[in-house]
Amino acid sequence: MNSIFAGIVLLIVLLHSNPAFAANYVVGDASGWKFNVAGWENGKSFKTGDTLVFKYTPGAHNVVVVDKASYDACIVPGNAKTYASGNDVITLGKGPNYLICGLPQHCAFGMKIAANAA
């Protein structure tokens, strides 16, 4: 009897919960992580835990997680986390997430995004 009651309670809880599923976004869509991708993030509703996938030819680009000042100035700080696989998956933290290509002049040519996760 107790197991039936527990099963009913569990079923009610599951039916009334709104599971949160993280979304996956390919940065730049079909074009991938390339020059002039800045602004790709505009109009998207990112949530904490969503993932950004950066697709590019390894060696041609990279992805660097930076702070706002480094993003604005296109500077790679010495302690910045850098990805270079060509298929990098980065999970968004709550609030602003700043990402740039750290190769010389790439950020200046629009390889940067600022994704704000709710």
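May I ask you to say which residue of Lys47, Lys55, Lys68 is farther than 15 Å from Lys112 by Cα, at pLDDT 95 or above and among the basic types (Lys, Arg)?
Lys47 is the lone residue from the list that is farther than 15 Å from Lys112 by Cα, at pLDDT 95 or above and among the basic types (Lys, Arg).
Test Ile100 against the criterion of being of a type outside the set (S, T, N, Q) and crowded, with 19+ Cβ neighbours inside 10 Å, and give yes or no. Don't jump to the end; show me each part of the working.
On the way: of a type outside the set (S, T, N, Q): yes; crowded, with 19+ Cβ neighbours inside 10 Å: yes.
The answer is yes for Ile100.
Please name all residue pairs, on different chains or six or more residues apart, with Cβ atoms under 7 Å, provided the first residue is in segment 98-118 and is without any contact (Cβ under 8 Å) to a residue 40 or more places away in the chain and in a loop (DSSP other than H, G, I, E, B) and the second residue is surrounded by 15 or more Cβ atoms within 10 Å (Cβ to Cβ) and of a type outside the set (Asp, Glu).
Cys107/Cys74; Cys107/Ile100; Cys107/Cys101; Ala108/Cys74
Sort out which residues of segment 61-92 are part of a loop (DSSP other than H, G, I, E, B), in contact (Cβ under 8 Å) with a residue 24 or more places away in the chain and of a type outside the set (A, V, I, L, M, F, W, C), and write them in order of number.
Step one: list which residues in segment 61-92 are part of a loop (DSSP other than H, G, I, E, B), which gives 62, 67, 74-80, 84-86, 92.
Retained after the next criterion (residues that are in contact (Cβ under 8 Å) with a residue 24 or more places away in the chain): 62, 67, 74, 76, 84-86, 92.
Within segment 61-92, Asn62, Asp67, Ser85, Gly86 meet the criteria.
Would a scan of segment 26-43 turn up a residue that is out of contact with any strand residue (DSSP E or B) (no Cβ under 7 Å at 6 or more places or on another chain), at pLDDT below 95 and more than 19 Å from Ala118 (Cβ to Cβ)? I'd like the intermediate steps shown before the answer.
Initial filter on segment 26-43 (out of contact with any strand residue (DSSP E or B) (no Cβ under 7 Å at 6 or more places or on another chain)): 28-31, 34-36, 39, 42-43.
Going one step further and asking which of them are at pLDDT below 95, we end up with none.
Checked against the condition, which is being out of contact with any strand residue (DSSP E or B) (no Cβ under 7 Å at 6 or more places or on another chain), at pLDDT below 95 and more than 19 Å from Ala118 (Cβ to Cβ), segment 26-43 yields no hits at all.
Does Gly78 fit the bill of being more than 20 Å from Asn42 (Cβ to Cβ) and buried (at least 17 other Cβ atoms within 10 Å of the Cβ)? Explain how you work it out, then say what you get.
On the way: more than 20 Å from Asn42 (Cβ to Cβ): yes; buried (at least 17 other Cβ atoms within 10 Å of the Cβ): no.
Spelling it out, it is not the case that Gly78 is more than 20 Å from Asn42 (Cβ to Cβ) and buried (at least 17 other Cβ atoms within 10 Å of the Cβ).
The values are calculated or read from the model by the stated rules, or taken from the named source; none is laboratory data. A quick note: this is a predicted structure, and the numbers were derived from the prediction, not measured. Positions of Cβ are generated from backbone atoms using ideal geometry, with glycine treated the same way; all protein chains shown enter the neighbour counts.
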